[in-house]
Amino acid sequence: MDFNKISFRVRYAETDQMGVVYHGNYAQYLEMGRVEWLRSFGISYKSMEEKGIMLPVISLSVNYKKSAVYDDLITVETHLKKLPMVKIEFDFKIYNEQQEILATANTVLAFLDKKTNRPIKCPDYILEKIQM
């Protein structure tokens, strides 16, 4: 499985005075997608950090197609672009209940050693789980 989906309702606090989702909140939606993608393989971000691995975002791009609004049920579809090495890359589709694309996005993250803050290869235990 190279992709995962999560769905949730847009909360009032995520919108502006027009009831439209503030653009900066999409980064949080992408993070939710990535975290749940990892969890679908039995990998928690918390356990990665406990093992000394950080996964900071080094690139983020979002293409907005249509506004998400308060109380929309939106789905974030997270796709692994290719097997990770030192970096891991995801593509995303965010859409509403009518299956209208609200945004597409891409993120690139780097595996870092928490102690040295230096890039490291994707841990074997992660590669083993995502290649099953």
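Observations
- One Cα centroid belongs to segment 35-74, the other to segment 116-132; the line between them spans 17 Å.
- Protection-proxy order for peptides 74-82, 47-55, each taking the mean of Cβ atoms within 10 Å per residue, highest first: 74-82, 47-55
- Between 0 and 90 degrees, the angle of helix 25-39 with respect to the longest Cα principal axis of the chain falls at about 40 degrees.
- Length gained when the stretch R39-A27 is fully extended (0.36 nm per residue, less Cα-Cα span): 2.5 nm
- Eligible lysines near K114 by straight Cα distance, threshold 16 Å, same-chain separation 8 or greater: K46, K51, K87
- Between amide H atoms placed 1.01 Å from N, distances below 5 Å from D72 occur with V10, all of them 5 or more places distant or on a separate chain.
- Length added when fully stretched, S47-D16, from 0.36 nm per residue minus Cα-Cα: 7.7 nm
- Between the amide H of K81 and those of E89, F90, D91, distances stay under 5 Å, these residues lying 5 or more places away or on another chain, with hydrogens modeled in the peptide plane.
- Helix-derived mean residue ellipticity, 222 nm - over the chain, DSSP H n ≥ 4, -39500 (n - 2.57), to 500: -6000 deg cm²/dmol
- Normalising the average separation of contacting C-alpha pairs (under 8 angstrom, six or more residues apart) by the number of residues puts the relative contact order of segment 3-130 at 28 percent.
Every read-out reported here was derived from the displayed coordinates using simple, explicitly stated rules and does not represent laboratory data. Computed from a prediction, not measured in an experiment: that's the story for all the values here. Counting neighbours? That spans all protein chains shown, and the Cβs are built from the backbone with ideal geometry, glycine included.
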